[in-house]
1. Could you check region 97-116 and list, in sequence order, the residues that are over 22 Å from Thr164 (Cβ atoms) and touching a strand residue (DSSP E or B) at 6+ places or on another chain (Cβ under 8 Å)?
2. One residue is enough: does region 169-178 have a residue meeting the conditions surrounded by 24 or more Cβ atoms within 10 Å (Cβ to Cβ) and either more than 19 Å from Tyr56 (Cβ to Cβ) or in contact with a helix residue (DSSP H, G or I) (Cβ under 8 Å, 6 or more places away or on another chain) (or both)?
3. Quick one: in region 38-68, which of the residues that are among the aromatic types (Phe, Trp, Tyr) and over 16 Å from the mean Cα position of the chain (by Cα) is nearest to Pro209 (Cα to Cα)?
4. From (1) among the β-branched types (Val, Ile, Thr); (2) touching a helix residue (DSSP H, G or I) at 6+ places or on another chain (Cβ under 7 Å); (3) under 15 Å from Ala80 (Cα atoms), pick out the condition that doesn't hold for Thr191.
5. Just checking, does region 179-189 include any residue being hydrophobic (A, V, I, L, M, F, W, C) and over 22 Å from Ser54 (Cα atoms)?
6. Out of the residues in region 30-87 that are assigned to a loop (DSSP other than H, G, I, E, B) and of a type in the set (Gly, Ala, Ser), state the one that is surrounded by the fewest Cβ atoms within 10 Å (Cβ to Cβ).
7. Go through the residues of region 120-137 one by one and say whether even a single one is touching a Cys at 6+ places or on another chain (Cβ under 6 Å) and either buried (at least 16 other Cβ atoms within 10 Å of the Cβ) or among the hydroxyl-bearing types (Ser, Thr, Tyr) (or both).
8. What residue, among those in region 129-147 that are more than 17 Å from the chain's Cα centre (by Cα) and in a strand (DSSP E or B), is nearest to Asp119 (Cα to Cα)?
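Values in this text are rule-based calculations from the coordinates and carry no lab data. Values in this document were obtained by computation on a predicted structure and should not be read as measured data. Glycine gets a Cβ as well: all are built from the backbone with ideal geometry, and neighbour counts include every protein chain shown.
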Amino acid sequence: MKSRLHAVYAVGVALFLGLPLAANPALAECDPETALYEDDFEFLDGSWGAPNDSIYAEEGVLVIKSFMGQVNFQTKNEAANVCVDLTIVDAPVQDQSPIGLVWWWENWDNYYYLFYWADSPVVEIRRVVKGQFQNVVSVETLALKQGLGQTNHIELQLRPKDATLFINGTQVTRFKGKPPKGGSPVGVYGTSPEDQPGTWAFDNLVVSPIE
């Protein structure tokens with residue numbers, strides 16, 4: 001497997017290999033009716049900031065281009081279920097153009113994030129501490145749909161000392177973590193070479209409290 005470490009550095013923003021874990025009925029329960037935050041991206045809500053060439057809403061999805069990371073402070077939570085649909089729409093350089101989700105965010109020098117590429121069955125989870133990247137876990141999973149235009153439903157169950165990741169209804173991994181005191185927001189990102197920018201889409205974002 002070729003190295004992709006360089007792919008995440010453009011945003012500023014362990015290795016366990018195996019099959020996905022058995023399907024688990026305890027999926028993250030993201031209920032729009034009780035959500036802390038819910039967005040179907042019919043328009044760009046002001047909580048995401050002003051639209052520009054790198055981030056905007058179009059045809060019911062949040063679109064980001066080139067390399068961009070953005071958190072939404074209305075999603076701030078201490079323990080929550082996070083659900084979102086992720087799609088790599090275009091990636092001229094697929095092995096350098098991952099799509100990602102950000103959580104336990106304090107600032108762009110301290111946060112957790114996951115990402116995957118269109119041409120790989122691997123999902124990576126990493127942590128940034130004082131600007132330094134740390135591996136948390138790397139999982140090869142059949143649950144991840146590969147290819148441009150493929151949508152993956154991501155669910156995260158965030159608890160005070162750990163988190164569980166589900167992809168398309170399959171539990172993929174559970175890992176320990178250290179969330180910021182007082183809660184933190186959730187965000188999205190994508191990164192690609194500046195001269196060959198990618199395009200990523202996000203939809204059906206729900207952040208709801210854990211019952």
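1. At the first step, the residues of region 97-116 found to be over 22 Å from Thr164 (Cβ atoms) are 97, 107-109.
Correct list: Ser97, Trp108, Asp109.
2. Let us first name the residues in region 169-178 that are surrounded by 24 or more Cβ atoms within 10 Å (Cβ to Cβ), namely 172.
From what's left, either more than 19 Å from Tyr56 (Cβ to Cβ) or in contact with a helix residue (DSSP H, G or I) (Cβ under 8 Å, 6 or more places away or on another chain) (or both): 172.
Among the residues of region 169-178, at least one is surrounded by 24 or more Cβ atoms within 10 Å (Cβ to Cβ) and either more than 19 Å from Tyr56 (Cβ to Cβ) or in contact with a helix residue (DSSP H, G or I) (Cβ under 8 Å, 6 or more places away or on another chain) (or both), which makes the answer yes.
3. In the first step, residues of region 38-68 are kept if they are among the aromatic types (Phe, Trp, Tyr); the result is 41, 43, 48, 56, 67.
Still in the running and over 16 Å from the mean Cα position of the chain (by Cα): 41, 43, 56.
On the way: Phe41: 21, Phe43: 24, Tyr56: 27 Å.
Selected residue: Phe41.
4. Condition (3) is where Thr191 drops out.
5. Within region 179-189, the first condition is being hydrophobic (A, V, I, L, M, F, W, C), and the residues that meet it are 186, 188.
Adding the requirement that they be over 22 Å from Ser54 (Cα atoms) leaves none.
No: region 179-189 contains no residue that is hydrophobic (A, V, I, L, M, F, W, C) and over 22 Å from Ser54 (Cα atoms).
6. Here the residue is Ala50.
7. The first filter runs over region 120-137 and keeps only residues touching a Cys at 6+ places or on another chain (Cβ under 6 Å), leaving none.
No, every residue in region 120-137 fails to be touching a Cys at 6+ places or on another chain (Cβ under 6 Å) and either buried (at least 16 other Cβ atoms within 10 Å of the Cβ) or among the hydroxyl-bearing types (Ser, Thr, Tyr) (or both).
8. Gln132
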